[in-house]
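See below for the structure under consideration.
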Amino acid sequence: MTNVSTSQNGTTPPDQRPIALVAWHATEAILRHSQAALARIDLTQPQWWALNNTARAEHGLTPEEIRALNVPYGMGTEAIAHAADALLHRGWLVAGPQGRLTLTDEGRAGLTTARTHMAQVRAELVGDITDAEYTAALSVLQRVTDNLT
């Protein structure tokens, strides 16, 4: 870990903390919290993404379309493909005509439960942060990204 210069009391003034470090710590905390919430209902984050994306697709998704989904956090495209396979095995997805995957009744029930859990995760994440503060934080982080691309 990089040593960041500190003030005399051993802490870094808020306006001098590296944004990358703060963003990284926030990302790690958010992922730990959301992954733990999903684990309590026996789901992984890639399974959550596979369920959500399949449910949003009017006629389901083919395995190729699932592999083409943008998978964040450096997990790689195979993570969601393996997740879809696990959901097929679990009976939450079913392959229909032309191999299109759609949710079963069990999958829809699981998705409803997962959405409830993830709504709670979001409420815990946001806590006492106002809508304006949340919007400002997202805007600043997006602008930092835009400045570097």
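A compact table of results
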| quantity | calculated |
| --- | --- |
| Hits in the range 57-91 - residues which are more than 22 Å from LEU31 (Cβ to Cβ) and loosely packed, with under 12 Cβ neighbours inside 10 Å | GLU58, HIS59, GLU64, HIS89 |
| Unique match (being surrounded by 12 or more Cβ atoms within 10 Å (Cβ to Cβ) and farther than 18 Å from ARG56 by Cβ) among VAL94, VAL126 | VAL126 |
| Cβ pairs under 6 Å, 6+ apart, first in the range 83-95 and more than 18 Å from ALA109 (Cβ to Cβ), second of a type in the set (A, V, I, L, M, F, W, C) | ALA95/LEU101 |
| Hits in the range 75-116 - residues which are in a loop (DSSP other than H, G, I, E, B) and either within 15 Å of THR44 (Cβ to Cβ) or of a type in the set (A, V, I, L, M, F, W, C) (or both) | MET75, GLY76, TRP92 |
| Residues of the range 129-149 classified as assigned to a helix (DSSP H, G or I) and open to solvent by 60 Å² or more (accessible area, probe 1.4 Å), total | 14 |
| Among residues of the range 38-49, those that are crowded, with 18+ Cβ neighbours inside 10 Å and assigned to a helix (DSSP H, G or I), counted | 6 |
| Failed condition for LEU69, given (1) at pLDDT 95 or above; (2) among the aliphatic types (A, V, I, L, M); (3) not in a helix (DSSP H, G or I) | (1) |
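The values are calculated or read from the model by the stated rules, or taken from the named source; none is laboratory data. Computed from a predicted model, the values in this text were never measured in an experiment. Cβ coordinates were reconstructed from backbone atoms using ideal geometry, including for glycine residues, and neighbour counts include every protein chain displayed. Surface accessibility is based on the protein's heavy atoms, side chains included, excluding ligands, DNA and RNA. Shrake-Rupley method; radii C 1.70, N 1.55, O 1.52, S 1.80 Å.
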